[in-house]
Amino acid sequence: MKEKFYRFMQGRYGVDQFSRFLLILAIVVLILNMFIRSALFELIPFGLLIYTYFRIFSRNLGARSKENQKYLELSGTVKYNLKNGKQLLKFHIYKCPSCGQKIRIPRGKGKIEITCPKCKNKFVKKS
């Protein structure tokens, strides 16, 4: 039986990161459907499952690979922005009053004197 499945899947695309994401999304929507009764929430997970299995059993390897690559680029961008957003919460960003240069100062240091790295102007701000 295992050999038959291997032969059946030969030349087909298989499971990738985008397929896993679609499966998880379908499960999440199914769970949401338990709390929010809606015809739309009943149809969406089945559409996602059908598309996921279409991708898994597809023989068009180039198209599925491009879809996965776009998903990876988009998810990488989202992860990068979330990571940067957390980093920015640890700092205040002030503009130099004389030249307008943006300066990043760590939070929680009290009143500090800031020296602009561009024009060497000194000013006092609360961090």
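Listed here are the residues, each with its yes/no results for (1) outside the structural domain of Tyr13 (by TED's automatic domain parsing); (2) in contact with a helix residue (DSSP H, G or I) (Cβ under 7 Å, 6 or more places away or on another chain).
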| position | (1), (2) |
| --- | --- |
| Lys66 | no, no |
| Tyr71 | no, yes |
| Lys102 | yes, no |
| Ile105 | yes, no |
| Gly108 | yes, no |
| Lys118 | yes, no |
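Given the criterion farther than 23 Å from Ser75 by Cα, surrounded by 12 or more Cβ atoms within 10 Å (Cβ to Cβ) and without any contact (Cβ under 8 Å) to a residue 12 or more places away in the chain, identify the matching residue among Leu32, Leu43.
Result of the check over Leu32, Leu43: Leu43.
For Asn68, all conditions in the list (1) surrounded by 11 or more Cβ atoms within 10 Å (Cβ to Cβ); (2) free of Cβ contacts under 8 Å to residues at least 40 places away in the same chain; (3) under 19 Å from the mean Cα position of the chain (by Cα) hold save one; what is the number of the exception?
Single failed check for Asn68: (2).
For residues that are aliphatic (A, V, I, L, M) and farther than 22 Å from Ile27 by Cβ, tally how many sit in the range 48-81.
Taking the range 48-81 and keeping what is aliphatic (A, V, I, L, M), we get 48-50, 56, 61, 63, 72, 74, 78.
Among the residues that remain, those that are also farther than 22 Å from Ile27 by Cβ are: 61, 63.
So the answer is 2.
Take the conditions over 19 Å from the mean Cα position of the chain (by Cα) and part of a loop (DSSP other than H, G, I, E, B) and apply them to Gly47. Does it pass?
Numbers: over 19 Å from the mean Cα position of the chain (by Cα): yes; part of a loop (DSSP other than H, G, I, E, B): no.
No.
Considering only the range 1-29, how many residues are of a type in the set (Asp, Glu) and either within 27 Å of Leu72 (Cα to Cα) or under 28 Å from the mean Cα position of the chain (by Cα) (or both)?
Counting residues in the range 1-29 that are of a type in the set (Asp, Glu) and either within 27 Å of Leu72 (Cα to Cα) or under 28 Å from the mean Cα position of the chain (by Cα) (or both) gives 1.
Quick one: in the range 1-12, of everything that is among the basic types (Lys, Arg) and assigned to a helix (DSSP H, G or I), which residue is surrounded by the fewest Cβ atoms within 10 Å (Cβ to Cβ)? Show your work before the answer.
Step one: filter the range 1-12 for residues among the basic types (Lys, Arg), giving 2, 4, 7, 12.
Still in the running and assigned to a helix (DSSP H, G or I): 2, 4, 7.
Details: Lys2: 6, Lys4: 8, Arg7: 9.
Per the criteria, the residue is Lys2.
Considering only residues of the range 68-113 that are of a type in the set (Gly, Ala, Ser) and assigned to a helix (DSSP H, G or I), which is modelled with the lowest pLDDT?
Residue satisfying both the conditions and the ranking: Gly85.
Identify all residues within the range 97-111 that are over 7 Å from Ser127 (Cα atoms) and more than 30 Å from the chain's Cα centre (by Cα); write none if there are none.
Pro97, Ser98, Cys99, Gly100, Gln101
Please go through (1) under 30 Å from Ile114 (Cα atoms); (2) assigned to a loop (DSSP other than H, G, I, E, B); (3) among the β-branched types (Val, Ile, Thr) for Val15 and return the number of the only condition it doesn't satisfy.
(1)
Taking into account only those residues within the range 74-105 that are exposed (fewer than 11 other Cβ atoms within 10 Å of the Cβ) and hydroxyl-bearing (Ser, Thr, Tyr), which is nearest to Cys119 (Cα to Cα)?
My answer is Tyr80.
The values are calculated or read from the model by the stated rules, or taken from the named source; none is laboratory data. Since the structure is predicted, the reported quantities are computational estimates derived from the model, not experimental observations. Every residue, glycine among them, receives a Cβ derived from its backbone with ideal geometry; neighbour counts consider all protein chains shown.
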